[in-house]
Amino acid sequence: MQDWQRSVIYQIYPKSFHSHAGNPTGDLLGVVAKLDYLQWLGVDCLWITPFLRSPQRDNGYDISDYYAIDPSYGTMADCELLIAEAGKRGIKLMLDIVVNHTSIEHTWFQQARSSLDNPYRDFYIWRDQPNNWESKFGGSAWEYEAQTGQYFLHLFDHTQADLNWDNPKVRAEVFKMMRFWRDKGVGGFRLDVINLISKPADFPEDDTDGRRFYTDGPNVHEYLQQMHREVFEGHDLINVGEMSSTSLEHCIRYSAPESKELSMTFNFHHLKVDYPNLQKWIRADFDFLQLKRILSDWQTGMQAGGGWNALFWCNHDQPRVVSRFGHDGEHRVVSAKMLGTALHFLQGTPFVYQGEELGMTNPGFDHIDQYRDVETLNIFRLKREAGASDAENMAAIMQKSRDNGRTPMHWNTEPNAGFSTVEPWIGVPANAQTINVASQLDDPDSVLHHYRRLIALRRSEALMSDGVYRQLLPEHLQLWVYVREGDGERLLVLNNFYGSPCEVELPDDVISETMAQRLVISNYPDCPSRNRQIFLRPYESFVLHLTD
C-alpha cells in the first residue's frame with residue numbers, strides 16, 4: 001500500500017485562507033504562517049487551489065501563465081519558501097493546475113486569435129459554426145471571435161478557452177510545464193476537470209447539453225498514460241484527477257495501478273443528491289438513501305476494480321457540509337463530527353477543506369450583492385431573465401452557491417476573524433465569533449480535536465485503509481451503518497444523519513456479546529457499552545473495533 005493511501009490531504013483556497021500582507025485576499029506567505037497549525041492537525045499534504053497568474057475571472061481556474069505566481073498571492077520566492085517550509089514539517093504541496101483550458105489572456109490564445117494561420121491556432125478548438133453544446137456556467141459553449149470570424153469552444157466561462165489535446169504540441173507544452181513544477185519540489189498535482197480534455201472530432205449536436213460526448217472522451221486514457229510516462233513515472237508524486245460527470249468504470253481505469261494514469265479520482269455524484277431531477281439551482285433537501293447508495297456503490301466498485309477514491313464532503317466549489325447534510329444550529333458540533341467520522345472511515349484518501357475541521361457553516365448571505373462567484377452571478381441573471389423571482393433565486397443560491405465555501409477562514413475573534421487586517425474580498429460570516437480555531441484549540445471536545453483524532457487514526461487503524469467495505473441496513477431512513485472487515489476483525493461504523501434519536505438491532509454476525517470490543521471514536525463524550533440493540537442520539541456517531 002502506498003503512503004498516500006494512509007494519508008489525509010488538506011485543501012486550501014488561498015484567496016480566503018490567511019492574508020500575511022494585510023490585503024483583502026489571502027497569499028502564499030499566509031499559508032506559510034499557518035504551517036505549524038497544519039502540522040499540529042496532522043495532515044500529510046496540502047492541496048492549494050490555483051495561485052498561478054490569472055485574471056481571476058474564475059478565481060484562478062483561468063490561468064494566463066503557467067510559469068508565474070499571480071501577484072495577488074505573492075512571488076516565486078514565496079512559493080519556493082512554502083514548498084521548503086512545508087517539507088521541513090513533513091508536508092507535501094499539491095499544485096492545482098487547469099489544463100483543459102486556459103484564460104483567453106494566455107499568450108497561446110492571444111497568438112491563436114491573431115490569424116487563421118498562426119502556429120498557435122491549433123492549440124484551441126475553432127469552428128465556423130457552433131453546435132448546440134452548453135457551457136457548464138450557462139449559455140452556449142461557443143464564443144465568436146470577430147478578428148478571425150470563427151467560434152472557439154469554452155466548456156466553462158467564455159474567457160476560458162478549451163485546449164486542443166489532439167494536437168501533440170499542446171500535450172508537449174503541458175508536460176513540459178508539469179515537469180518544471182515537479183522539479184521545483186511539488187509533491188503532486190490536482191488536475192482540474194481532467195476527464196474533459198478529449199473531445200470527439202465531429203462535435204455532434206446533442207439533445208441535452210453535450211457533456212455525454214466530451215466527458216471521459218475518446219482519447220482521455222491514452223493522454224493520461226502519456227502524462228504518466230512523461231511526468232510522473234519514477235517520482236514520488238500524488239496525482240489526483242477531478243472527474244466531471246464521470247462513471248465508476250472510468251474512474252477504476254484512471255486510478256488502478258496497472259493503468260499507469262493517476263493515483264486517485266474525485267467524483268461528484270454523491271454531491272448531487274440535493275439536485276432534484278439533476279437541477280442544481282433549486283432549493284431542496286438531500287436524498288439520504290441516494291447518498292448512501294452512491295457512496296456504497298463507489299466503495300464496493302472501486303475496491304473490486306482496484307481503483308482508489310478521493311474522499312470529500314467539501315471543497316471550494318461546494319456548500320459547507322454541516323449546512324448541507326448536517327445541522328448548522330443547535331446540533332452543529334455533533335453533526336459536524338458525525339459527518340467527519342462517516343467519511344474518514346471509508347476506503348480512500350480523505351480531503352479536509354479549510355474550515356471543515358471547525359464545523360464552519362454556510363454564511364447565510366441573503367442578497368446577490370454579497371456574492372462574487374461568476375457561476376452564481378450568471379445563474380441569477382439567467383434565471384431572472386427566464387422569469388424566476390429574486391426570492392426563488394436567492395433561496396437556491398443561499399443553499400447551493402460556490403461562495404458558501406469561499407468565505408474567509410475563521411482564525412480567532414479579532415476583526416475579520418483574524419483573516420486580514422482589512423476588509424476581505426468577500427464577507428465574513430457572523431458566527432466566526434464563536435466558530436474559530438482559537439476557541440477550539442483549547443477545547444478537547446471541539447470539532448477541531450475530533451478531526452485531529454480522525455487524521456491520527458488513519459495511520460493507526462489499518463482497516464481504515466485496507467478493510468473491505470460492507471453496508472448494513474441500506475434502506476434505513478435515518479442511519480448509515482457500515483463495516484470495514486479484515487481477518488477476524490472489523491470496524492463497525494454507525495452514523496445517525498438526523499436530529500431525532502433512533503434505535504436499531506444489528507445482525508448477530510456483525511456484533512455479539514462474545515466479541516471483544518474497543519471504542520475507536522465517538523462524537524458524544526459518553527459512549528455506553530454496545531451490543532446488538534443500539535440506541536443512537538441525535539446525529540450520534542461512533543466506531544467500534546470488534547474481534548471475533
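The values are calculated or read from the model by the stated rules, or taken from the named source; none is laboratory data. Since the structure is predicted, the reported quantities are computational estimates derived from the model, not experimental observations. All Cβ positions, glycine included, derive from the backbone under ideal geometry; neighbour counts span all protein chains shown.
Exactly one condition in (1) free of Cβ contacts under 8 Å to residues at least 24 places away in the same chain; (2) within 18 Å of PHE312 (Cβ to Cβ) is false for ARG212; which is it?
(2)
Can you name the number of the only condition in (1) β-branched (Val, Ile, Thr); (2) buried (at least 23 other Cβ atoms within 10 Å of the Cβ); (3) within 18 Å of LEU29 (Cα to Cα) that THR421 fails?
(2)
Mind listing just one residue for me: the one in region 461-508 that is touching a Lys or Arg at 6+ places or on another chain (Cβ under 8 Å) and β-branched (Val, Ile, Thr) and, of those, nearest to ARG530 (Cα to Cα)?
This residue is VAL493.
For region 131-214, which strands (runs of 3 or more DSSP E) that fit wholly inside it have 3 or more residues that are within 18 Å of GLU375 (Cα to Cα) and at pLDDT 95 or above? Let's see the steps before the verdict.
On the way: elements: 142-145, 150-153, 160-162, 188-191.
Where strands (runs of 3 or more DSSP E) fall fully within region 131-214 and carry at least 3 residues being within 18 Å of GLU375 (Cα to Cα) and at pLDDT 95 or above, they are 160-162.
Report whether or not SER500 is within 31 Å of the chain's Cα centre (by Cα) and exposed (fewer than 13 other Cβ atoms within 10 Å of the Cβ). Don't jump to the end; show me each part of the working.
Values: within 31 Å of the chain's Cα centre (by Cα): yes; exposed (fewer than 13 other Cβ atoms within 10 Å of the Cβ): yes.
Spelling it out, SER500 is indeed within 31 Å of the chain's Cα centre (by Cα) and exposed (fewer than 13 other Cβ atoms within 10 Å of the Cβ).
Somewhere in region 116-129, is a residue surrounded by fewer than 21 Cβ atoms within 10 Å (Cβ to Cβ), closer than 29 Å to LEU28 by Cβ and not aromatic (Phe, Trp, Tyr)?
There is no residue in region 116-129 that is surrounded by fewer than 21 Cβ atoms within 10 Å (Cβ to Cβ), closer than 29 Å to LEU28 by Cβ and not aromatic (Phe, Trp, Tyr).
Please enumerate the residues belonging to region 374-417 that are surrounded by 15 or more Cβ atoms within 10 Å (Cβ to Cβ), in contact (Cβ under 8 Å) with a residue 24 or more places away in the chain and assigned to a loop (DSSP other than H, G, I, E, B).
Within region 374-417, SER401, ARG406, THR407, PRO408, MET409, HIS410, TRP411, ASN412 meet the criteria.
Please go through region 430-468 and give me each residue that is part of a loop (DSSP other than H, G, I, E, B) and either more than 28 Å from ILE521 (Cβ to Cβ) or among the basic types (Lys, Arg) (or both), ordered by number. Spell out the reasoning first.
Restricting attention to region 430-468, the residues satisfying the condition of being part of a loop (DSSP other than H, G, I, E, B) are 434-436, 442-446, 461-462, 467.
Within region 430-468, no residue meets the criteria.
Among LYS169, LYS184, LYS176, which is the only one that is touching a residue at least 12 places away in the same chain (Cβ under 8 Å) and more than 15 Å from MET94 (Cα to Cα)? Spell out the reasoning first.
Working: LYS184 fails: more than 15 Å from MET94 (Cα to Cα); LYS176 fails: touching a residue at least 12 places away in the same chain (Cβ under 8 Å).
That would be LYS169, the only listed residue that is touching a residue at least 12 places away in the same chain (Cβ under 8 Å) and more than 15 Å from MET94 (Cα to Cα).
Select, from ASP207, ASP192, the only residue that is over 22 Å from PHE51 (Cα atoms) and among the charged types (D, E, K, R).
Numbers: ASP192 fails: over 22 Å from PHE51 (Cα atoms).
Matching residue, one of ASP207, ASP192: ASP207.
Restricting attention to region 124-135, and to residues there that are without any contact (Cβ under 8 Å) to a residue 60 or more places away in the chain and not hydrophobic (A, V, I, L, M, F, W, C), which single residue is farthest from ASN167 (Cα to Cα)? Quick ask: steps written out before the conclusion?
Taking region 124-135 and keeping what is without any contact (Cβ under 8 Å) to a residue 60 or more places away in the chain, we get 124, 126, 128-130, 135.
Checking which are not hydrophobic (A, V, I, L, M, F, W, C) leaves us with 124, 128-130, 135.
Details: TYR124: 9, ASP128: 19, GLN129: 21, PRO130: 20, SER135: 23 Å.
Among them, the one singled out is SER135.
Can you pull out the helices (runs of 4 or more DSSP H) entirely within region 1-120 that have at least 2 residues that are in contact (Cβ under 8 Å) with a residue 60 or more places away in the chain and hydrophobic (A, V, I, L, M, F, W, C)? Step through it out loud before you land on a result.
Numbers: elements: 28-33, 35-41, 76-88, 107-112.
The helices (runs of 4 or more DSSP H) meeting that bar are 35-41, 76-88.
Could you please find all residues in region 37-94 being touching an Asp or Glu at 6+ places or on another chain (Cβ under 7 Å), surrounded by fewer than 19 Cβ atoms within 10 Å (Cβ to Cβ) and of a type in the set (Lys, Arg)?
Within region 37-94, ARG57 is the sole residue that qualifies.
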